[in-house]
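Below is one structure, written out as structure tokens; comments come after it.
Please treat every number below as a calculation from the coordinates, not as lab data. Not measured: the values here are computed from a predicted model. As a convention, Cβ positions derive from the backbone with ideal geometry for all residues, glycine included, and neighbour counts pool all protein chains shown.
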Amino acid sequence: MDEVADRKSRLGRSALLSAAAVLLLAGLALRAIESAGSRLSFSPAAGSDGVKEVSIRARSWGFTPGVIHVDPGDTVRFLVSSDDIKHGFAINELGFNLQLAPGREVRSPDIRVDLPPGKYTIHCSTFCGLGHSTMKASLVVGDASPATASRIPWLASLFTLAAAGAFTVLAARRRP
């Protein structure tokens, strides 16, 4: 009997430590992703014509910079190039879509950013492979702080992992 109890105890501790490690790693990954996004941001300065020019590079499967900051009412011109294959560069809320070819810079028309403060998705509009659906960047208009809603999926994932760990521990304790 003592051997069975000892085995259950070790299995329970092992499952608990595994769940704690997964939660810790998920938290560290979340922190790294959030800090990486803020390091790859860009706030353009207006040129002599009052238009803010933003240079962007597209590659499989992302844009550099990943975050572009502008103020409401700014006029912006995007200079976008692809490093590898055909991509698209679209911001639906501004109503434009650029088609990119490898090695060519595409210049957008001057676009007035008449959007309320917030975070808007920039996405690739030309299928470019398996990572196409994750090829995104952000246009931040005004002083848009991270919304609590943007963290809800991460928190839900962490709670799911914690529940899975707890289930594993409970299941291990019930086995004879």
What number comes out for the charge environment of ILE122, summing +1 per Lys or Arg and -1 per Asp or Glu over other residues with Cβ under 13 Å away? +2
Going residue by residue through segment 13-25, the Karplus relation 6.51 cos²θ - 1.76 cosθ + 1.60 with θ = phi - 60° gives ³J(HN,Hα) values, rounded to whole Hz and with x marking Gly or Pro, of 4, 4, 5, 5, 5, 5, 5, 5, 5, 5, 5, 4, 5
Distant-in-sequence amide H partners of LEU115 (H built 1.01 Å from N, under 5 Å): GLY73
Distance in nm between LEU161 and ASP143 label points, each 7 Å along Cα→Cβ, equals 3.4
Mind giving me the FRET efficiency for PHE96 and ARG59? R0 is 22 Å, r the Cβ-Cβ distance, nearest 0.05 is fine. 0.60
Give the percent of DSSP beta bridges with both residues in segment 41-145 that are antiparallel, rounded to the nearest 5. 60
Tell me which residues come under 5 Å, amide H to amide H, from ILE85 once H is placed; ignore anything under 5 positions away on its chain. SER60
Across bins of 10 angstrom width beginning at 0, how are the C-alpha pair distances of segment 41-145 distributed, in whole percent? 16, 52, 28, 4, 0
